[in-house]
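The values are calculated or read from the model by the stated rules, or taken from the named source; none is laboratory data. This is a predicted model, so every value here is computed, not measured. Cβ placement follows ideal geometry from the backbone for every residue including glycine, while neighbour counts extend to all protein chains displayed.
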Amino acid sequence: MSISEHRIADLMRFEPRAQQSATPAQALSSEVCAPAEIADRLCLWSSGKVALSFERLAALGILGGLYIGFGGALATMVVSESSLGAGPTRWLGGIAFSLGLVLVCVGGAELSTGNCLMAMARLRRLITARQLWRNWTLSYLANGLGALGLAWIVFNSGVYDAEPLRSTAIRIAEAKLALSPAQAFLKGILANALVCLAVWLSFASHNAVGKVLGIVFPISAFVALGFEHSIANLYLIPAGLMAGAAGGLPDLARNIAWVTGGNLIGGAVVVPVLLWLGHARHQG
């Protein structure tokens, strides 16, 4: 199915033309899409993504990894030496980490974990399995390159030379590496379920403020609850290892493998299938 770039841009615009002459009450109601409309918008978004050239997908994927890494770096700083208690501190760290997905969704980038929602377009048979896996595979590899590259740059810039950031980075990495395979897998399911719900909610709004609000609460919840996100871990664990955390590349690879598997189940199976059954199966 071929969808013009003009139609995709029209659907994804921040300020619908209809709002220009609407009353304040009508404009407010039109700011938020109904779930069935969200599903339509998301499927058009997916159809546009599979048309990306290799160069654009690679560049936007690297940006996606950088953006998530920036969120991880900011969250590391925010949770360092907080006196607010575990719950509020972790939640504030989650709000800080939301920077990553805000940059992805509002600024524009490819994030493999969020792109798991493209499975809904596959369920509608708007895209092929080959197109889907091409996007997922290339964006994942590019995300990893961006996250790993940022970890190297941040560490060598001296950001983690001083306390308390160094100790915090080490603590975060060691806690992730200490997870059992089952814990990493299950926390990966939960994390990407919330990431994909954040992306879903971002499609409910036509403006940047609404998108940010839709993103912050699910993302801060997954961070506060200690769930696991593969691209975030490709920044946080290497940064911690370079800062002096116990572990090595085999430990990193093991964590990433299990978390990635969980992310796929949560983001490409559980959430899109349930949303498709509830809102998209009889639409489009």
Restricted to region 200-210, and to residues that are over 16 Å from L111 (Cα atoms) and not hydrophobic (A, V, I, L, M, F, W, C), which residue is surrounded by the fewest Cβ atoms within 10 Å (Cβ to Cβ)?
N207
Pairs, please: C-beta under 6 Å, at least 6 apart or cross-chain, first residue in contact (Cβ under 8 Å) with a residue 40 or more places away in the chain and in region 154-167, second assigned to a loop (DSSP other than H, G, I, E, B) and not small (G, A, S)?
P164/E81; R166/Y160
Test result for R7, surrounded by fewer than 18 Cβ atoms within 10 Å (Cβ to Cβ), of a type in the set (K, R), at pLDDT 95 or above and part of a helix (DSSP H, G or I):
no
Helices (runs of 4 or more DSSP H) completely within region 59-144 that count 1 or more residues being over 23 Å from A193 (Cβ atoms) and over 11 Å from the mean Cα position of the chain (by Cα)
86-97
Select from region 224-270 the residues that are part of a helix (DSSP H, G or I) and of a type in the set (F, W, Y) and write down the one among them that is nearest to K187 (Cα to Cα).
W258
Could you tell me whether any residue of region 167-177 is basic (K, R), in contact with a Phe, Trp or Tyr (Cβ under 8 Å, 6 or more places away or on another chain) and surrounded by 19 or more Cβ atoms within 10 Å (Cβ to Cβ)?
no
Matching residues in region 123-152 - criterion: being at pLDDT 95 or above and farther than 22 Å from G108 by Cα:
T128, A129, R130, W152
Among (1) assigned to a helix (DSSP H, G or I); (2) surrounded by fewer than 23 Cβ atoms within 10 Å (Cβ to Cβ); (3) of a type in the set (D, E, K, R), where does D161 come up short?
(1)
Cβ-Cβ under 8 Å, sequence separation 6+ or interchain: first residue in region 57-77 and more than 23 Å from L225 (Cβ to Cβ) and surrounded by fewer than 24 Cβ atoms within 10 Å (Cβ to Cβ), partner of a type in the set (S, T, Y) and modelled with pLDDT of 95 or more. Which pairs?
L57/S139; L60/S139
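A257 - would you say it is surrounded by fewer than 23 Cβ atoms within 10 Å (Cβ to Cβ) and not charged (D, E, K, R)?
For A257, the condition - surrounded by fewer than 23 Cβ atoms within 10 Å (Cβ to Cβ) and not charged (D, E, K, R) - is met.
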With (1) in contact with a Pro (Cβ under 6 Å, 6 or more places away or on another chain); (2) not in a helix (DSSP H, G or I) as the list, and L197 as the residue in question, which single condition is left unmet?
(2)
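For (1) buried (at least 23 other Cβ atoms within 10 Å of the Cβ); (2) closer than 19 Å to A147 by Cβ, each residue gets a yes or a no:
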site: S220; (1), (2): no, no
site: S230; (1), (2): yes, yes
site: L236; (1), (2): yes, yes
site: G247; (1), (2): no, yes
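Being surrounded by fewer than 23 Cβ atoms within 10 Å (Cβ to Cβ) and touching a Phe, Trp or Tyr at 6+ places or on another chain (Cβ under 9 Å) narrows it down to one of L213, L275, so name that one.
L275
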Check whether at least one residue in region 23-37 is assigned to a helix (DSSP H, G or I), in contact with a helix residue (DSSP H, G or I) (Cβ under 8 Å, 6 or more places away or on another chain), of a type in the set (A, V, I, L, M) and modelled with pLDDT under 50, and report yes or no.
yes
Among the listed residues S180, S139, S83, S112, identify the single one that is crowded, with 22+ Cβ neighbours inside 10 Å and closer than 22 Å to L225 by Cα.
S112
Where G262 falls short, out of the listed (1) out of contact with any Asp or Glu (no Cβ under 9 Å at 6 or more places or on another chain); (2) more than 24 Å from A86 (Cα to Cα); (3) not charged (D, E, K, R)
(1)
